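The values are calculated or read from the model by the stated rules, or taken from the named source; none is laboratory data. These numbers come from a predicted model, not from an experiment. We place every Cβ from the backbone using ideal geometry, glycine too, and count neighbours over all the protein chains shown. Just so you know, the surface numbers come from the protein's heavy atoms only, side chains and all, with ligands and any DNA or RNA stripped out. Shrake-Rupley method; radii C 1.70, N 1.55, O 1.52, S 1.80 Å.
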Amino acid sequence: MPRLVVVSNRVAIPDPTGKGSAGGLAVALKEAFEAHRGLWFGWSGKVAAQPSTTPRIVDKGNVQYALMDLTPLDRQEYYNGFANRALWPIMHYRIGLSEFSRADYAGYLRVNRSFASALAGMIQPDDLIWVHDYHLIPLAAELRALGVTNRIGYFHHIPWPAPEVLGTLPGSQDLLRDITEYNLVGVQTDLDADNLRRGLVQEVGAIQRKGDLVELGEKQIRVKGFPIGIDVNSFQQAAKRSSTNRLVRQTVAGLGSRRLIIGIDRLDYSKGIPERMESFERFLIGNPDQRGQVTYLQVTPVSRSEVPEYATLSRVVNETLGRINGSLGEPGWVPIHYVNSTYPRPVLAGLNRLARVGLVTPMRDGMNLVAKEYVAAQDPEDPGMLVLSKFAGAAQQMTDALIVNPNDKIEVAEAIRDALYMGREERVARWERMMATITQCDIASWTASFLKDLSGGRSPGAGRILRPVQSAGQR
Ligand code: F6P
C-alpha cells in the first residue's frame, strides 16, 4: 500500500480530547489514513515574522502532520488576496466581485513554490500525492519543476466555472497550464468537469480525447466528477442522540408549538444569506397566517472577515435582518434568529433534526454538504423537507428536494410554503430516495473512488526526461 500524502491549505490535527468538531476534509481522510500510512502537509494557520523553511512535524498514529507558518504578507497576498479575493469570486461566477492584483498573484505563486520546496524532500518514490483546493492549483507544477514524478491528484472543492467566466481573471491561462501537471483532477459535478475540459481546450490548446481524457503536449490528464459526500451514518446517529443536548433542548423550549426553518452556512456571499432572508420575508407577507407560527434560525459562523467583501456582506445581512425583524416581528415573536457561533457537529445535527424545513439556497456552491447533513439528520418517520438551490452541486444528486432558483424570491417563498404544507407520505417518500442517494455516494466511497483512479496507472512524469529545475513562478 503506497503512502498517502495529502496537501491542503488548512490541516486538521486530531484533537487529543476527542471533543473538537472535525472538519469535512478530516472526516473524509479518516478512513484513507487508516488504510494508508499518511503525511498531511499544509499551512499551520499561524503567521510568523520569519517562518522556518522546513515544516514543524507532529506525529499522530499512522499520520505525520507537516505544518508551515506564513509571513503576514504571505497570508495577505496568498490567502486573503489571490485565493479569496480574486479566485474565489470568479470560481463562484461573481466576476464583479473579483479583485485581481499582480502583487497578490505573485504572493500566491510564492507560497505554492515555498510549500513545494519544503514538501519535495519529504516525498518517497511510491507516494500518492493528493492536493486539495484552489489555494494550491500551481503546487504540482512546482513539484514537477523540482523533479517529483509521483502520481499527483487534485480535488477542487468549489465550482469550476465556464471558460468564458474564468477567462476574465488575469493569470487564468497559467493556472490552466499548471493544472495539466496533475495526473487526475477531480471536481464536484459533471458540469464542472465539462467546464474545465472546455477551458483547457479553448484557452491553452489542449486536445479532448475519449471520455475524461485531455492531452496537452506529452501530458495526459483525466478530469472527472467525484461528488463529495458525508459520513451519513455518524451524522444520523449524532442527530438521534441530540435530544439531551442543552442547546437543542433550549431551542425546543423556545420554539413551543412553532415550526422551525433552518439555514446553516459560513458567512459568505456565495451562500445567498440576505437573499434567503428576503425570500422568507416574502413568505411571511404572502402567508400572514404563518406569522407567529414559524421561526427561521440562521446559524452563520463569521469567515474571512479581513477580506473587504465579507465585511460588506456582514453589514448587509445585519441590515436585512434588522429590517425584517423590525417590520414583521411582534411582541413575543422574532421571525429570524441569527447566530454567529460555531457549534459542534452533534449540536448542528440536533438542530437540523428539529427543523421542518432546511433552507439551502446558495447563489453558487461546489456541492454543499449542509444539504446532505440536513437529510441525514431527519427522523425517518416524520422527516422535514429540503429546499435546495439549483446552483448547488448537491442539486444534481438530490432531485427529490424542492429545487429553486435563489434569485427568484417569490419561487423560494412558494417552496417554503410547499415544504411546510407537504403531507407526511410525500415527505417520507422523497426523504427515502434522497437518503438512498447520499448513502450510496457517502464520504468513504468518495475517498475510495478518487484514490482508486489516482493510483490506477503509471505517472506520465515517471520515465520522461525532466525539465531543467525551474519554478512555475518563473515561467
Ligand atoms: O469549501 C472551500 C473551503 O475553502 C474549504 O476548503 C474550507 O474548509 C472552507 O471553504 C472554509 O474556508 P476558510 O478555510 O477560508 O475558512
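Take the conditions (1) within 15 Å of the ligand (Cβ to nearest atom); (2) among the basic types (Lys, Arg); (3) modelled with pLDDT of 95 or more; (4) under 24 Å from Leu143 (Cα atoms); Arg85 misses just one of them, which is (4).
Checked against (1) at pLDDT 95 or above; (2) more than 16 Å from Pro362 (Cα to Cα), Ala413 passes all but a single condition, namely (2).
Restricting segment 134-175 to residues that are hydroxyl-bearing (Ser, Thr, Tyr) and surrounded by fewer than 24 Cβ atoms within 10 Å (Cβ to Cβ), the residue that is farthest from the ligand (Cβ to nearest atom) is Thr149.
Take residues that are in contact with a strand residue (DSSP E or B) (Cβ under 7 Å, 6 or more places away or on another chain) and farther than 30 Å from Ala376 by Cα and tell me which of the strands (runs of 3 or more DSSP E) falling wholly in segment 160-232 contain 3 or more. If you could, list the steps in order and put the result at the bottom.
Working: elements: 184-187, 213-216, 219-225.
In segment 160-232, 213-216, 219-225 are the strands (runs of 3 or more DSSP E) which contain 3 or more residues that are in contact with a strand residue (DSSP E or B) (Cβ under 7 Å, 6 or more places away or on another chain) and farther than 30 Å from Ala376 by Cα.
Among the residues of segment 111-137, the ones that are touching a residue at least 24 places away in the same chain (Cβ under 8 Å) and out of contact with any strand residue (DSSP E or B) (no Cβ under 8 Å at 6 or more places or on another chain) come to 9 in all.
For Ala103, the criteria (1) more than 20 Å from the chain's Cα centre (by Cα); (2) within 22 Å of Arg177 (Cβ to Cβ); (3) within 16 Å of the ligand (Cβ to nearest atom) hold in every case but one, which is (3). Restricting attention to segment 340-367, the residues that are touching a Leu at 6+ places or on another chain (Cβ under 8 Å) and closer than 19 Å to Thr189 by Cβ add up to 2. Scan segment 259-294 for residues that are more than 16 Å from the ligand (Cβ to nearest atom) and open to solvent by less than 10 Å² (accessible area, probe 1.4 Å) and the total you get is 11. Does segment 22-68 hold any residues that are buried (at least 18 other Cβ atoms within 10 Å of the Cβ), assigned to a strand (DSSP E or B) and away from the ligand (no atom under 16 Å from the Cβ), and which are they? Answer for segment 22-68, where residues must be buried (at least 18 other Cβ atoms within 10 Å of the Cβ), assigned to a strand (DSSP E or B) and away from the ligand (no atom under 16 Å from the Cβ): Gly38, Leu39, Val63, Gln64, Tyr65, Ala66.
Could you list, in sequence order, all residues of segment 213-238 that are in contact (Cβ under 8 Å) with a residue 24 or more places away in the chain and among the charged types (D, E, K, R)? Selection gives Glu218, Lys219, Arg222, Lys224, Asp231.
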